[in-house]
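What follows is a single structure, written as structure tokens, with notes after it.
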Amino acid sequence: MTVENVVETDILVIGGGIAGCFAAIKAREQGLNVTIVDKGSAGYTGSTADALLGYMVFNPEWGLDLNACIDAVNKKGEYVNNREWTEIVFRDSWATYQDLVSWGADFPVENEEDIPYVKSYPPFGIVRIGGTSTGPPARRQAEKSGVRIMDKIMVTDLLKQDGRIVGAIGFSVVSGDTYIFKAKATVVSAGFSSLARGDGDGMAYRAGAELTTKEFAYTWPAARTNGGRRAIAAENVFMNFRNIAGEKIDTSNTYELDLTMEFLIHAGKGPIFWDLDDATPKDIDRMRKRQLNAYPKERVDFDPAQRGKYQTSGGNGHMLVASQTGGIWVTNTKCATSLPGLYAAGECCGTRYLGGYHPAPGFGLTGSAVTGARAGRGAAEYALQAERPEIDRKEVVRLKNIMYAPVERQGGFSPRWVMQLVQSTMMPYFIKYIKRGDRLQAALTIIEFLSNHLVPKLVARDSHELWLAHEAKNIVLNAEMILRCSLFRTESRANHYREDYPRRDDPNWLAWVKFKEEQGSMKLWKEPIPEKWWPDLSKPYEERYPRRFPGE
């Protein structure tokens, strides 16, 4: 028998990563009651815990140029970035960086010149992150400021009353008890959408919010070593890749490796290897330092000095959509969504500020902090004017029945198996990276079957499996979003490549894809990008887009 708990708060923040903590702290500064709810442990799990490669900071005193930074994002993102948000994130980054420093975050200096940022990613300023990450100090600051933090509670759906979001419903992943949250304003900061998670996008979609831009994949090569993340940390210092013939791959622009690996594999020139045999003693020393700075509390299980050649896994971001691009559509610079009372922050906040590329380490984390701070202030402004919500008991009962349905069933399908089916369908390079309409449609047919036949019959034996069942439901939904957006954009651009449409289509596709739930189906449409942000169409195609796709 589960217990029903009702939590009343001014601001509800769903997700306790860096975005959620910033949102909660900035809302709390307005004197409001603020609650963070996290299915893991706020500050210690999720996307923020893995974000250890850097933090993007713009500071003109470091010799950085704002126009050069914005122009680089425009070109790398191939003109589908929202330039207003691009500038906002650069300008706001310094304040969030100073906040994190004051809260105790560690940003070690690692170069002989004592320059606070890494000079490997011009024209950007990327600050290294110490092993404590940014999550724990952000959580401590939230607690210090009086934010209530409730861990191990999974939110499954938003509560909606008269078209307004008035809270959420969820359950304890430990006891299985019900939690009903009543809030004047709600911030969804539940992390990135992917084939491994996607709760924020899922609950926003079911509530009727508009979402955007799921077609641009996030990719990054990763070596298959027993060192796991330690190997990836070293790999980011020493980028030396070769194809099966031993030919070296150009890594002069590391964050444009993205689809390069996939094109080589598609052409039969794989597998690709990370080659440590060419590393100098200085290279080895730099890799070791990077590993220790990034993961000081983890055991040393990969030593680059052992050298060798390690097969890469192509794009290790195969589960993700482009950082800070795809997610819940925001209608203003306060991170309000299309639903009154609902705000978005972090990786599930569809600002589109990076367009189709993730240009360097640290941009996802910084964008999350910036949108978190803005969402917190925006939600507080809304809540100060809003009346305390009344919640329809019938709606609570309806969502509660849906939430516990998997544990009430005697038989059905395992959420783990459904997740495997999704990943087996979506992860092949010829679906996620090298796309073609007929293959995308074939994958969509399978995903639709999972959504219509398996998801309604998911079964769970306990509260932990109930957590997995709801994750599986959201993963299936995110797979459908990715496939439908990929089919809808009939061109190639940035990290979205269609074999059947191998060229950028200007000005027809100088637009964002938007979608929402409508009468049980996913409705998609174009949102034109303001003409003032277009590339110069008087220039030849080859000048606007110097990078060539196969088939052009």
Run down 442, 379 and say which single residue is surrounded by 19 or more Cβ atoms within 10 Å (Cβ to Cβ) and in a helix (DSSP H, G or I).
379
Anything in region 382-401 that is surrounded by fewer than 16 Cβ atoms within 10 Å (Cβ to Cβ) and either touching a Cys at 6+ places or on another chain (Cβ under 8 Å) or closer than 28 Å to residue 45 by Cα (or both)? List them, or say none.
none
Scan 451, 463 and give me the residue that is among the polar types (S, T, N, Q), farther than 15 Å from residue 216 by Cα and more than 24 Å from the chain's Cα centre (by Cα).
463
Just to be sure I understand the filter: pairs with C-beta atoms under 6 Å, separated by 6 or more residues or on different chains, first member in region 300-317 and surrounded by 13 or more Cβ atoms within 10 Å (Cβ to Cβ), second member at pLDDT 85 or above and part of a strand (DSSP E or B). Which pairs pass?
309/273; 309/275; 310/274; 311/273; 312/274
Is region 73-84 home to any residue that is among the aromatic types (Phe, Trp, Tyr) and on the phi < 0 side of the Ramachandran plot?
no
From the list 41, 93, pick out the single residue that is within 21 Å of residue 132 (Cα to Cα), among the small types (Gly, Ala, Ser) and touching a strand residue (DSSP E or B) at 6+ places or on another chain (Cβ under 7 Å).
93
Just wondering, is there one or more residues in region 116-139 that are touching a residue at least 60 places away in the same chain (Cβ under 8 Å), touching a Cys at 6+ places or on another chain (Cβ under 7 Å) and either among the small types (Gly, Ala, Ser) or farther than 24 Å from residue 380 by Cβ (or both)?
yes
In region 125-146, is there at least one residue being touching a helix residue (DSSP H, G or I) at 6+ places or on another chain (Cβ under 7 Å), on the phi < 0 side of the Ramachandran plot and of a type in the set (Asp, Glu)?
no
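Rundown of residues vs (1) crowded, with 17+ Cβ neighbours inside 10 Å; (2) in a loop (DSSP other than H, G, I, E, B), yes/no style:
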| position | (1), (2) |
| --- | --- |
| 460 | yes, yes |
| 474 | yes, no |
| 497 | yes, no |
| 504 | yes, yes |
| 512 | yes, no |
| 525 | no, no |
| 537 | no, yes |
| 550 | no, yes |
Taking residue 480 as the residue in question, decide whether it is without any contact (Cβ under 8 Å) to a residue 12 or more places away in the chain and either part of a helix (DSSP H, G or I) or at positive phi (or both).
no
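Would you mind listing the strands (runs of 3 or more DSSP E) fully within region 255-363 where at least 3 residues are at pLDDT below 90? Reasoning before the result, please.
Working: elements: 273-275, 309-315, 327-329, 342-344.
Strands (runs of 3 or more DSSP E) meeting the threshold: 309-315.
Residue under question is residue 423, and the condition is that it be in contact (Cβ under 8 Å) with a residue 60 or more places away in the chain, surrounded by fewer than 18 Cβ atoms within 10 Å (Cβ to Cβ) and closer than 30 Å to residue 453 by Cβ; does it hold? Don't jump to the end; show me each part of the working.
Values: in contact (Cβ under 8 Å) with a residue 60 or more places away in the chain: yes; surrounded by fewer than 18 Cβ atoms within 10 Å (Cβ to Cβ): yes; closer than 30 Å to residue 453 by Cβ: yes.
So residue 423 passes the test.
Condition first: in the same structural domain as residue 325 (by TED's automatic domain parsing), within 30 Å of residue 385 (Cβ to Cβ), of a type outside the set (Phe, Trp, Tyr) and touching a His at 6+ places or on another chain (Cβ under 8 Å). Can you find one or more residues in region 181-201 that meet it?
Of all residues in region 181-201, those in the same structural domain as residue 325 (by TED's automatic domain parsing) come to 181-201.
Next, from what is left, pick out any that are within 30 Å of residue 385 (Cβ to Cβ): 181-191, 199-201.
Right, trim to of a type outside the set (Phe, Trp, Tyr) and you get 182-191, 199-201.
Filter once more, so that each one left must be touching a His at 6+ places or on another chain (Cβ under 8 Å): 199.
Within region 181-201, one or more residues are in the same structural domain as residue 325 (by TED's automatic domain parsing), within 30 Å of residue 385 (Cβ to Cβ), of a type outside the set (Phe, Trp, Tyr) and touching a His at 6+ places or on another chain (Cβ under 8 Å).
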Hey, does region 425-447 have a residue that's more than 30 Å from residue 549 (Cβ to Cβ) and of a type in the set (D, E, K, R)?
no
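Does region 62-91 hold any residues that are over 20 Å from residue 536 (Cβ atoms), over 19 Å from the mean Cα position of the chain (by Cα) and either not basic (Lys, Arg) or not in a helix (DSSP H, G or I) (or both), and which are they? Break it down stepwise before answering.
Narrowing region 62-91 to residues over 20 Å from residue 536 (Cβ atoms): 62-66, 85, 88-91.
Among the residues that remain, those that are also over 19 Å from the mean Cα position of the chain (by Cα) are: 62-66, 91.
Across region 62-91, the qualifying residues are 62, 63, 64, 65, 66.
The values are calculated or read from the model by the stated rules, or taken from the named source; none is laboratory data. What you see is a predicted model, and the numbers here were worked out from it, not measured in a lab. Here Cβ is always computed from backbone atoms with ideal geometry, including for glycine, and neighbour counts include all displayed protein chains.
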